[in-house]
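This report concerns only the one structure given below.
Every number here is computed from the coordinates shown, using simple stated rules; none is lab data. Just so it is clear, the structure is predicted and the values come from calculations on it, not from any experiment. Don't worry about glycine lacking a Cβ; one is built from the backbone with ideal geometry, like all the others, and counts go over all protein chains shown.
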């Protein structure tokens with residue numbers, strides 16, 4: 001990529017700096033979530049004519065909007081997010097669906113998480129990759145049990161930005177007092193959960209929480225600010241989504257370099273024929289050896305001191321001698337870039353090892369304390385054998401104990417010895433090999449893991465690493 | 001932890017100014033991460049390669065993921081026998097250039113052996129499932145990369161990046177594994193395999209902007225050219241060996257291009273003057289109709305056409 005066209009392309013990129021922003025929506029059909037998603041897609045012109053025609057035909061068949069309705073009033077926007085045949089037949093949403101739209105500033109990936117059934121599973125899935133989550137509230141109903149549960153899950157996952165859309169504001173006559181009351185209730189819940197209350201020197205909180213009055217059906221404050229809510233002087237929903245910093249913009253500033261090794265690139269004789277044809281120096285690359293992966297946090301420069309973390313071994317320190325990406329040599333790379341890193345020493349480095357900024361990682365541990373979001377109909381029992389996938393390594397593990405279950409309404413831990421589908425609880429696991437575990441509050445990637453069923457390979461739980469409680473080691477179980 | 005933070009803050013402040021990837025860089029990085037994960041965790045992956053733009057982008061990403069090494073897996077083409085000759089030619093040149101092994105599953109051979117029957121409407125796209133599954137089984141592929149994108153269709157919008165298929169290649173939309181963070185779970189039992197869709201999160205416009213940025217070669221019929229066509233089902237169909245006009249269908253010469261490249265018998269051309277990649281980017285950005293709606297007769301069969309095919313083991 002050293003041609004004139006690529007230079008021109010990079011200039012165009014600068015002129016049009018569209019960045020990627022991932023967000024999720026949480027709420028039920030009753031809150032008008034599908035309508036809100038449909039409205040965002042429709043008003044940002046992500047819905048093309050043939051899709052709109054199909055929806056208009058179905059809306060007419062079902063008599064939507066009544067006689068004489070025109071424009072978007074005659075279209076059931078919720079149909080735009082209709083997915084599978086089974087969902088249409090049963091009038092429910094089964095699963096997280098991904099939608100795409102773009103404005104001049106940003107490309108958006110929207111994880112549309114259904115709220116009714118399995119809300120924890122869906123919200124955890126959607127929120128795990130989201131830079132922000134939009135939670136819907138029906139203005140006529142205010143803060144419900146479900147709202148508290150959604151906010152609890154988002155706080156647990158430390159989603160950087162939470163936006164509460166108070167929907168159907170048209171159905172309460174655009175009443176300021178109704179909105180202010182709901183806003184106060186939301187802020188009360190947020191205070192109880194610790195959302196938006198920054199502790200000094202830590203990044204372990206949701207950065208901000210915005211409450212916006214909207215009408216998804218009529219379009220108020222969705223894309224443009226509404227004249228019908230003159231008492232609201234904040235931004236419309238899309239304005240917020242366009243300007244919030246994405247999670248990796250925040251992380252890159254705060255956290256230090258982490259790089260789980262995916263595989264070793266060591267072509268020996270087998271160099272790519274197209275690279276050779278393009279003039280690759282075959283001799284120079286005969287002994288090429290680099291470690292391929294995606295930077296999960298922070299940044300790295302050529303010349304940086306790094307530690308190689310291999311389970312069961314003391315960290316080995318060396319220097320970064322090169323950062324390669326498809327024929328380009330980079331001086332610096334940052335999360336979430338996929339690159340290949342060369343090191344000064346000829347260490348034996350393999351998949352599953354982690355390269356990290358030297359001196360910033362604690363010793364690996366075989367004792368794992370975690371919050372588990374249980375995603376499987378098969379319950380978790382103490383003594384169960386499972387697999388833990390952390391970074392690029394999968395190890396066997398024994399569930400030593402379940403120490404409690406989170407009551408999402410009160411955000412308090414209550415006694416439990418097993419976890420069922422959609423439960424969130426605390427557990428202690430003993431790993432067959434030590435892993436470089438880090439507290440999820442500070443490291444959203446190296447603090448996250450999957451629990452997998454060794455029998456059928458299904459994902460059982462999303463895990464968030466917690467700090468060791470320190471003094472209550474339980475030696476009843478050994479692996 | 002606070003001592004770590006202090007150390008890092010001093011180191012990072014000077015470095016981390018405007019370290020933000022463009023959306024294309026972010027999508028590219030995500031795709032390469034997924035391609036490498038699949039290669040690391042599976043015994044025998046293969047890449048579905050038709051010469052269509054999405055599979056060409058997939059192959060380009062694979063070359064970047066393993067540079068300066070060779071792409072470490074074969075490519076698999078399910079040949080309907082109704083392909084555009086220039087696309088087959090492009091396929092063969094690409095495979096040659098990258099030193100890849102090409103595995104072909106042939107719809108024609110299955111028809112000749114009487115194991116598949118030609119459909120009344122003549123389209124062969126739905127017939128690809130049987131040769132596809134046969135090739136997967138014969139070659140013991142345990143992971144198959146596809147260029148499927150979630151913006152293409154509402155069934156695809158719900159499919160996972162790593163999508164588990166049973167012994168019959170079936171997709172069970174109601175029983176999918178949750179996909180969390182960037183941790184992909186590709187575990188499977190004997191007989192099962194996984195379809196991997198690293199460019200799930202790309203849109204048609206992303207694909208074209210990437211082709212432009214990376215200067216990726218495509219078969220010529222993606223760009224405006226003069227062609228003998230006739231109108232059928234509201235689309236322009238090319239005149240060819242397997243695509244003949246009926247007596248009442250008038251043949252005319254139009255300047256057209258293809259937005260998707262598939263089976264000649266069901267893929268339509270669009271009228272277009274977009275002769276270069278930058279013209280196409282502008283055209284796609286301004287388009288008011290989806291690529292499948294515009295050019296695929298097979299997706300017009302019913303609202304759930306793609307969903308039904310996928311459940312049976314289609315791409």
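At-a-glance table
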read-out	value
Neighbour-count order for B:49, B:84, fewest beta carbons within 10 angstrom listed first	B:84, B:49
Solution diffusion estimate, µm²/s, Stokes-Einstein, the stretch A:293-431, Kirkwood Rh from C-alpha pairs, 20 °C, viscosity 1.002 mPa s	122
For B:312, B:263, A:61, order by how many other beta-carbon atoms lie within 10 Å, fewest first	A:61, B:312, B:263
Cα-based Kirkwood hydrodynamic radius, chain B, one decimal, Å	20.9
Length released on extending from residue A:417 to residue A:305, taking residue separation times 0.36 nm less the Cα-Cα span	35.9 nm
Cα gyration tensor shape for the stretch A:365-465, rounded if a/c is under 1.5, else prolate or oblate	oblate
Relative contact order for the stretch B:110-183, counting Cα pairs under 8 Å that sit 6 or more residues apart, in percent	16
Net lengthening on full extension, residue A:266/residue A:468 (0.36 nm per residue, minus Cα-Cα)	68.9 nm
Dimensions in Å of the stretch A:255-357 - Rg and Dmax from alpha carbons	13.6, 43
Three-way shape label, the stretch B:186-271, alpha-carbon gyration tensor, a/c 1.5	oblate
Using distinct alpha-carbon pairs, which all enter the 1/r mean, Kirkwood radius of the stretch A:364-403 in Å	11.4
Nitroxide proxy distance, nm - points 7 Å out along Cα→Cβ at residue B:312 and residue A:409	4.9
Inter-probe distance in nm under a simple model that places probes 7 Å from Cα toward Cβ, at residue B:246 and residue A:208	6.1
